[in-house]
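Working notes for the structure below.
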Amino acid sequence: MDAILSVRQVTEHLRQTVESRFPYVWVQGEVTNLSRPSSGHVYFSLKEDDCLLNCVWFRRQQKDEAFDPLTGEVWEDGPRPSLARTMENGQTLVCAGRLTVYGARGQYQMIVDLAQAAGLGLWHQEFEALKRRLAAEGLFDPAKKRPLPHEPRRVAVITAPGGAAIRDFIRISATRGLGAEIRIYPVPVQGEDAPPRIVEAIERAGRDAWAEVVVLIRGGGSVQDLWAFNDERIARAVHHCPIPVLTGIGHEIDHSITDFTADYAAATPSHTAQILWQDRHVLAQHVDGLETALHTTFFRRLDALSLRLEHAARSLSLLSPLARLRLPQERLDSLAQRLHASVQQRLEQYRHTLDSLHDRLLKKSSSAESLAADLDRLTLRLAAAGNNRLLRAEADAERAQSALVPLGRMIGLAQEHALSRLELKLNALDPFEPLHRGYAVVSDEEGNILRSVSRTAPGRTVTVRLVDGSILGTVTDVRPASSETMP
């Protein structure tokens with residue numbers, strides 16, 4: 001064994017097995033061990049030879065009989081008392097009910113719904129015979145059962161129009177599902193006229209082909225009340241109906257031939273509506289669940305596709321010709337940046353050098369102007385000295401003229417000649433005098449006058465002073481004078 005069962009577990013398994021195997025049975029036997037306690041329940045056993053079946057007939061199921069259960073004839077002398085009050089030990093009865101297990105005593109028993117004298121056994125035998133014959137023909141075959149439509153929108157209901165069954169069905173269907181059209185086929189649901197009328201309604205619903213499902217319902221009642229649904233004609237009409245048939249006849253404990261033939265048998269008429277349509281709050285929850293699942297699936301799919309796209313883009317970038325050009329492009333960009341920085345640095349250096357040269361040139365220009373002023377001042381002094389010398393000479397000449405005119409004349413000529421020579425020497429000492437004759441003065445970056453080509457070199461800056469201004473330039477070539485060309 002896989003596990004050790006408790007007594008309760010064993011009892012529960014037995015009860016479920018017995019109740020599912022024998023949901024409703026007819027049993028005939030001799031009454032024995034009859035007991036009627038003050039609770040109103042009746043306890044007895046049905047005996048046959050050496051076999052015994054314990055039975056209990058609860059008070060709520062004990063009803064007085066107003067008509068003959070075999071013929072349906074109403075007794076003229078009024079309702080007769082229930083057999084629960086008249087039955088005796090030794091009497092043969094036919095009891096209808098369900099088998100179960102009574103856990104307190106650990107025994108199986110029968111819960112009786114109906115009991116009749118032995119004469120009713122013929123009625124039960126007829127039921128069982130029809131059941132066996134239709135089962136042999138395949139009318140009860142589960143493989144031939146058709147599935148019911150999900151949330152049907154058109155439903156044909158065959159029932160008594162004024163009964164409680166149709167009111168319960170409509171009331172429950174109004175609170176379930178998404179709404180549906182219900183077409184009622186009115187029929188009687190008990191008596192001799194019921195079977196042919198029910199068969200006609202089933203066939204008409206099949207010919208109309210309007211409904212998605214046919215619902216055959218009838219409220220609870222005694223076995224006699226429900227006996228019309230054990231008619232062979234109804235069973236065959238249900239079996240041949242082209243539309244799936246759902247039955248809800250009586251209560252949960254009631255079973256008929258029609259239930260066995262239908263595609264699906266509900267426990268009660270109200271249960272048929274519960275089978276066809278779900279609660280609306282369940283549908284709302286289902287929609288919410290679908291929305292959540294759709295949202296989750298959508299974003300999961302979106303993430304997966306995004307990841308695939310990213311991988312594909314990365315793979316494509318590795319295979320693309322642009323990837324091969326990217327490294328040279330990066331090197332080119334780096335070199336361009338370096339070149340730009342170098343040019344900027346060189347320009348900055350040139351700008352700094354130019355500013356320095358400009359400042360030095362300004363200094364040299366002011367120095368040259370100072371030399372020119374000194375030269376002018378010396379020239380004036382020289383001219384003044386010459387004039388003074390000339391005046392003294394003239395005075396001396398006048399004093400000596402009277403004594404020796406020829407000597408004075410000679411001395412005057414000598415003085416004039418000396419003065420001319422001094423003037424020539426003075427003009428020769430003027431550094432800017434040659435500039436009037438086309439010469440130029442060349443100085444280096446420090447303002448030093450260049451007297452030889454060896455004092456400069458290509459690339460250096462020089463300043464050329466002319467008579468009317470200065471020229472700033474760069475030495476491009478140096479050519480020393482050869483010995484053949486020198487004077």
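Would a scan of region 255-266 turn up a residue that is among the polar types (S, T, N, Q) and either without any contact (Cβ under 8 Å) to a residue 24 or more places away in the chain or assigned to a loop (DSSP other than H, G, I, E, B) (or both)? Within region 255-266, one or more residues are among the polar types (S, T, N, Q) and either without any contact (Cβ under 8 Å) to a residue 24 or more places away in the chain or assigned to a loop (DSSP other than H, G, I, E, B) (or both). When residues in region 125-163 are screened for being closer than 30 Å to residue 95 by Cβ, out of contact with any Pro (no Cβ under 8 Å at 6 or more places or on another chain) and not charged (D, E, K, R), 11 of them pass. Test residue 130 against the stated conditions and say whether it is part of a helix (DSSP H, G or I), touching a helix residue (DSSP H, G or I) at 6+ places or on another chain (Cβ under 7 Å) and on the phi < 0 side of the Ramachandran plot. Criteria met by residue 130. Does at least one position in region 332-342 carry a residue that is at pLDDT 80 or above and either within 30 Å of residue 446 (Cβ to Cβ) or assigned by TED's automatic domain parsing to the domain that holds residue 461 (or both)? Yes: one or more hits. For region 96-140, the tally of residues that are of a type outside the set (Gly, Ala, Ser) and modelled with pLDDT of 85 or more stands at 20. All of (1) touching a residue at least 24 places away in the same chain (Cβ under 8 Å); (2) over 25 Å from residue 221 (Cβ atoms) hold for residue 28 with one exception: (2). Every condition in (1) part of a loop (DSSP other than H, G, I, E, B); (2) without any contact (Cβ under 8 Å) to a residue 12 or more places away in the chain holds for residue 294 except the one numbered (1). When we screen 42, 56, 25 for residues that are surrounded by 12 or more Cβ atoms within 10 Å (Cβ to Cβ), under 60 Å from the mean Cα position of the chain (by Cα), at pLDDT 85 or above and not hydroxyl-bearing (Ser, Thr, Tyr), the only hit is 25.
Considering only residues in region 66-95 that are more than 23 Å from residue 126 (Cβ to Cβ) and hydroxyl-bearing (Ser, Thr, Tyr), the one that is modelled with the highest pLDDT turns out to be 86. Within region 241-291, how many residues are exposed (fewer than 13 other Cβ atoms within 10 Å of the Cβ) and more than 45 Å from the chain's Cα centre (by Cα)? Here the count works out to 1. The set of residues from region 267-288 being assigned to a helix (DSSP H, G or I) and over 30 Å from residue 96 (Cα atoms) comprises 276, 280, 281, 282, 283, 284, 285, 286, 287, 288.
Of 307, 322, all but one fail to be over 30 Å from residue 467 (Cα atoms), part of a helix (DSSP H, G or I), at pLDDT 75 or above and under 43 Å from the mean Cα position of the chain (by Cα); the exception is 307.
Pairs meeting the criteria (first residue in region 214-233 and in the same structural domain as residue 150 (by TED's automatic domain parsing), second residue at pLDDT below 90 and among the polar types (S, T, N, Q), beta carbons under 7 Å, at least 6 apart or on different chains) are 225/190; 226/256; 228/190; 229/256; 230/256.
The values are calculated or read from the model by the stated rules, or taken from the named source; none is laboratory data. Keep in mind it's a predicted model, so treat the numbers as computed, not measured. Every residue, glycine among them, receives a Cβ derived from its backbone with ideal geometry; neighbour counts consider all protein chains shown.
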